[in-house]
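Right, one structure below, let's go through it.
The values are calculated or read from the model by the stated rules, or taken from the named source; none is laboratory data. Values in this document were obtained by computation on a predicted structure and should not be read as measured data. With ideal geometry, Cβ positions are generated from the backbone for all residues, glycine too; neighbour counts draw on all protein chains shown.
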Amino acid sequence: MKIMVAVKQVAALDEDFTIREDGRDVDADFLIRDLNEWDDFSLEEAVKIKEAAAEPVELIAVSVGPEEVDESLRKCLAKGADRAVRVWDGSLEGSDPIAIARVLAAVAKRESARMLFAGVQSSDQSFAATGIAAAAFLGWPHAAVISQLEYAPGAKSAVFRRELEGGLLQEVEIQCPAVLTIQLGINTPRYASLRSIKQAAAKRIEVLSPADLGLAAGDVGEAGSASRIRRMYVPDKGRAELIEGDAAEQALKLAALIREFKGDAA
Amino acid sequence: MSRTDAVTRILFEAFSAAEVRLFYVFGYAAIGIFCYGVYVQIRKYRRGAALNLPGSLWARLGDMLANVLSHRTIGRRDAAAGWAHRLIFYGFLLLFLGTATITLQYDILEPLFGIRFWYGNFYLVFSLVLDVAGVALIGGLAYMMYRRGWLKLPKLDYARPDRSPGDPDFNRPQYRREDWAFLWTLVVIGCTGYLLEAARLVWLQAQPDVWDTRWWSPVGALIAAGMRALGLSAEGGGALRLGLWWFHGLLALVFIALIPYSKVKHIFTAAGSLMVRDPQAAQRLPRVPDTEGSPGVAKITDFNWKQLLNLDACTKCGRCHEACPARAVGAPLSPRDVILSLREFANATLESGVLPAAADLDVHGKAPGQIAMETLWSCRTCMACVEICPVAVEHVPIIVEMRRKLVEDGAMDPLLTKTLQTIHKTGNSFGESKRKRGSWSKPLPFKIKDARKEPVDVLWFVGDYASFDPRNQKVTQTFAALLHEAGVDFGILYDGESNAGNDVRRVGEEGLYEVLANSNVAALKSASFKSIVTTDPHSYNTIRNEYPDFGGSFEIQHYTSFVKQLIASGKLKVTQPLKIRATFHDPCHLGRFNKGYEAPREVLKMLGCEIVEMGRNRANSFCCGAGGGRIWIPDPVGMEKPAQNRIKEAAVIPGLDVYVVSCPKDLTMFEDALKTTGNEGKFAVKELIELIREAIPLHRPLEAYA
C-alpha cells in the first residue's frame, strides 16, 4: 500500500532582509531554505510505520514548488521515502493553502494513497491549513496536532493521542484512510548523512504539472485560492525606556514624559 | 691461540639414533604447529578489506628496522621498560641467531656440502656471546617481573573504564595469566639452558677440550663449579644433563609452536605493524571511496588487513591508556581496550575455518568484543594514543571509521545531529548567516581586503570559532591589527569561507566534510595569494594535510610561526617586554599533529616571558577535550572535564601568571575550566596573540579596534 507524506520547503530569514518590491513577501535573496521542521517529524513517523509494517509499504514524498525544492525532497529520499513527486509550473505561483491542498489531493488520488501525513503547519507561513484542506478535497476524515500515533498499514483505523491544555491527553480512534497532521516531538527524526543525500540523487523525483493531474487553470494559483496575501511588513517598533534614579527622580522624569506626550512644551 | 676442531659441542652426544629421531619428530611437529598458526593468522588478516600501501617497501623495511633495533618507541616515557626490553630483545635475538647458526651447519651446510665452522675459536667466542646474551635475557625478564609484580603500574591494570566490575570482560584475568606464563616460560628456558650447560661441563670434565675451555661459558662454568662443590659426579652430571636436555629442548619447542597463538606473536605483528605504519594516520584520515555502498566500519571485515594486523600488534603496554584524556577523566573509553576488544572479536570470528554470517560480524554493541557507541563518542581524536604507541597501532582512524557508521545510522547525540545540520545549512557551526562571517572586522578602523576580489600576499583563513565566538572575535580583531601594524598585505575570504571541516571529518561525517573541503578548496583556488596563515590549528591541520586529497595544495602556516618571523625580521618590535611567568599549552592540532612545538615557545621568549613547562607538554600535551567534535557534544554532568584536569595541572606551578593558549577552542575551553576549578584570579588564560599585543603596543589603543 502507499502512504503519502506532504512536505514543504520553507524559508527562514537571513540577516538584514528586505521586502520584495510588490510588498507581499521577503526578497528571495534573503531567504535560507530548508525542509519544514514539522514535515521532518511527519516523514519520520511514516518511515517508522513503514519499517514496522508486515506488508510492503511504498512511501511517497510530495511537494509543490519550483526546482530548488528537489533539495528537500532528496533529504526525504535519504531518510527513507521510496519515491518523490514534485508538482510545479508557473500557474501555481500565488497559490494559497487551499489551492496547494487541491494539488496534494489530486496527487493522492493519482497514487491511490491510503494515508496522507502532513506537518501541523509550516514554519514560515504558519497557516496550519494545507493538510486539513487536503482532507476536505479527498473526503477523508482528518486529525490535527497528533503527538502519539499507533497505526499499522492496512488497518481500518488508527489510534492517536493529542495533548490538550492542563496536561490532558486525548486518545482518538479515526477511520482510515485519513489525513493526519503531525506535531513536533512525536519522534526523533533521523539524521540524513550527506552521503545518503548524495546517494538519494539516484532515486527519481517525478515532476508533474497541474495539468498532468487533471487540474484546470482555475484550480490553482491565485484563481484557485480562497485567500490572498495583501502585504508583508515589519511593524513600527514601540518605544520602551527604563526610568532610573531614586523615587523622586523617577517621578520627575515620569512627569516630564507625561507632559511631553500631552504635548505640553517643556 | 689455535684450537683444533675437537673444541666444539657435539650435538646429541651419547644419544641413540632413535632418540635423535624422536627429537626431530618433536621439532617438526613444533614447526608444523607454528606454521599452521601463522596460516590462520594470515587468513584472518586477509579477511579484512583490501588496502594498497603507498611508498616503497624498502623504505618501510628500513624504517621498521630503525625503530625495532633502536627501541626508540619502546623507551619513550618509560626508559626502564625500554632498557629491559632491549636486554630481552637482543638476548633473545642472539640466542636465536646462535641456534640458527648451529642449524645452518648441522642440518644444511655439513650434510649437503661438508662445510663445518662451528668449532675452535669461533665456537669459543660464540659460547661467550651466547652466555652473555642469556644473562641479558634473564636480567631483562627479571625486571619485567619486578615491574608487573611490585611496581603495580596503573597502566598495566587491565580494569576497563567502559565496563563495570562483574561484566565478563571487565578486567580480563586471562591476560594477566598469559603475561606471567610468557615471562616464566622464557625465564625457565634461559635458566635451564645454563643448568644444562653446567651439567654437560661436569659430565665431560675429563675431556680437556671441554673442561679447559669452560670459562668461555662463564655462567655455565660458575654453576658447574657449584655443582662440583655440592658433590655432583661426572656420571651424575651426565644423568642431569640428559634430563635437562629434554626438558629445555621440549620447552623451547613448545614456546616456538605457541608463538602464533599467544602474545609472543608480537615479535612478528609488532614489527609488521611498524612496517606498515602511516606517519600521517591521524592527521589525514582515509577517504571513503565513492563506490563504497555504506561508509564506515560496521563489520569486523570492514577493517582493512592493516588495521587487523594493528589489533594483533598491541602488547597491552598501556601507554595509550595512560595518555588518553577521555580515560583520564573517567569517560568510558580506553584506546587500549578498543584495540583489545576488537582483537578478541577478530579472533573469535575470523580465525575459524568458515567465515561466520554477516550478522555475527557486527562490531557495534555492548557484547564482549563489541564497541559501544558511548565509547566511540568519548574520543577527542587528540592523537595522544597514536603518537605514543610503540608498535604503530593507529587507533584514531579505527575509531573514526567506526563513527562513520554511527553517523550513517544517526546514532549520535541530538545536539551533534543539530550541529551537523546547521553546518550543512549555513557553513558554520554557530548557525549564523554566511553573510556575517566577516562581521567581526566591521569595528576595525581599516578595511580588510577581500581576497576574492584583489590579490594579497597572505590569505588569512579565519575559521568558525575565531569568526563567530564573541570572546575569540576580540583576539581575531587584535591579530588583524597586528598584521596591519606589521604592514602585511593580507586578506580574508569573507563569506566565501566555510567551516574548514577538520572536526566534521573527525566526527565521522565524511559526506559533509567533502562538501566543506570542496567548497573551501574552490574558494581558495579562486583567490590570488602566496601563502595561507590561520589562527586556528584545526583549520591548519585539515588544510595542510587533508585538502591536498581534494585537489588543494597550499602553503600554510600557523600564526605562531608567522609572528615569529615578523618579530625576528623586525616588522614587529617588542617594546614592552613582559615580565611574567607563563606556561604554554600545546594545542593537539598544532603540536602532536603538526610538530609545531617550538615556534610558540620562541615567541613567548621573544616577548620576555619566563616559560615553566607543565609535566605533560609537547608530544604529551593533554587535550582540552574539544577535539573530534566533542565541542558540540555536552560533557556528562558531574564528570571532570579534560580542560579542568589540565588547569589543575597548571595550577601547581608556583607563581604562574598566564596559561597561554594558541587555539580558539582552547581559549573557550580553558577560560571555562579556570572558572569551574576555582582558579580564577590566581592566574589568567590568554591567547598568545593577546600577549603579543601587550608586548608590542599598537599605535592605536586596542579599544579603538573593539
Q | Scope region B:474-514; condition under 28 Å from B:Cys379 (Cα atoms), away from every other protein chain (no Cβ under 14 Å) and in a helix (DSSP H, G or I); matching residues | A | B:Asn502, B:Asp503, B:Arg506
Q. Say we look at region B:527-546 and pick out the residues that are surrounded by fewer than 24 Cβ atoms within 10 Å (Cβ to Cβ) and within 29 Å of A:Gln199 (Cβ to Cβ); which of these is farthest from the other protein chains (Cβ to nearest Cβ)?
A. B:Asn545
Q. Does B:Asp63 satisfy the condition of being modelled with pLDDT under 95 and assigned to a helix (DSSP H, G or I)?
A. no
Q: Filter region B:438-455 for residues that are surrounded by 15 or more Cβ atoms within 10 Å (Cβ to Cβ) and either aromatic (Phe, Trp, Tyr) or facing chain A (nearest Cβ under 10 Å) (or both) and give the result.
A: B:Ser439, B:Trp440
Q) On the given criteria, is A:Ala134 within 14 Å of chain B (Cβ to nearest Cβ) and either within 23 Å of A:Met1 (Cα to Cα) or of a type in the set (Gly, Ala, Ser) (or both)? A) no
(Q) For region B:552-561, which positions are surrounded by 21 or more Cβ atoms within 10 Å (Cβ to Cβ) and part of a helix (DSSP H, G or I)? (A) B:Tyr559, B:Thr560
(Q) I need the strands (runs of 3 or more DSSP E) fully contained in region A:8-112, keeping only those with at least 1 residues that are acidic (Asp, Glu) and within 14 Å of another protein chain (Cβ to nearest Cβ). (A) A:31-35
Q. Is it fair to say B:Tyr158 is at pLDDT 95 or above and outside any helix (DSSP H, G or I)?
A. yes
Q: Output the residues belonging to region B:36-48 that are surrounded by 12 or more Cβ atoms within 10 Å (Cβ to Cβ) and out of contact with any helix residue (DSSP H, G or I) (no Cβ under 6 Å at 6 or more places or on another chain).
A: B:Tyr36, B:Val40, B:Ile42, B:Arg43
Q: Residue by residue through region B:198-236, note down the ones that are surrounded by 20 or more Cβ atoms within 10 Å (Cβ to Cβ), part of a helix (DSSP H, G or I) and not aliphatic (A, V, I, L, M).
A: B:Arg200, B:Trp203, B:Arg214, B:Gly220
Q: Could you list all residues from region B:534-585 that are polar (S, T, N, Q) and in contact with a Lys or Arg (Cβ under 6 Å, 6 or more places away or on another chain)?
A: B:Asn545
Q. Residues in region B:575-592: is at least one assigned to a helix (DSSP H, G or I) and touching a residue at least 12 places away in the same chain (Cβ under 8 Å)?
A. no
Q) Among (1) touching a residue at least 60 places away in the same chain (Cβ under 8 Å); (2) farther than 22 Å from B:Phe468 by Cβ; (3) buried (at least 19 other Cβ atoms within 10 Å of the Cβ); (4) away from every other protein chain (no Cβ under 14 Å), where does B:Lys571 come up short? A) (3)
Q: Working only within region B:458-479, note down all residues that are among the aliphatic types (A, V, I, L, M) and either crowded, with 21+ Cβ neighbours inside 10 Å or under 34 Å from the mean Cα position of the chain (by Cα) (or both).
A: B:Leu459, B:Val462, B:Ala466, B:Val475
Q: Note down all Cβ pairs under 8 Å where the first residue falls in region B:422-437 and is facing chain A (nearest Cβ under 8 Å), the second is surrounded by fewer than 19 Cβ atoms within 10 Å (Cβ to Cβ) and of a type in the set (Lys, Arg), and they're at least six residues apart or on different chains.
A: B:Thr426/B:Lys434
Q: Could you please give the count of residues in region B:237-264 that are surrounded by fewer than 19 Cβ atoms within 10 Å (Cβ to Cβ) and either at pLDDT below 95 or of a type in the set (D, E, K, R) (or both)?
A: 1
Q) Out of curiosity, is B:Gly272 in contact (Cβ under 8 Å) with a residue 12 or more places away in the chain, of a type outside the set (Ser, Thr, Tyr), within 14 Å of chain A (Cβ to nearest Cβ) and within 30 Å of B:His589 (Cα to Cα)? A) no
Q.
Consider region B:603-620. How many of its residues are free of Cβ contacts under 8 Å to residues at least 60 places away in the same chain and within 30 Å of B:Phe430 (Cβ to Cβ)?
A. 0
Q) Name the pairs whose Cβ atoms lie under 7 Å apart, with the first residue in region B:398-414 and more than 7 Å from chain A (Cβ to nearest Cβ), the second among the acidic types (Asp, Glu) and part of a helix (DSSP H, G or I), and 6 or more positions between them or separate chains? A) B:Arg404/B:Glu510
Q | Among (1) in a loop (DSSP other than H, G, I, E, B); (2) of a type in the set (A, V, I, L, M); (3) surrounded by 21 or more Cβ atoms within 10 Å (Cβ to Cβ), the one test that B:Val288 misses | A | (3)
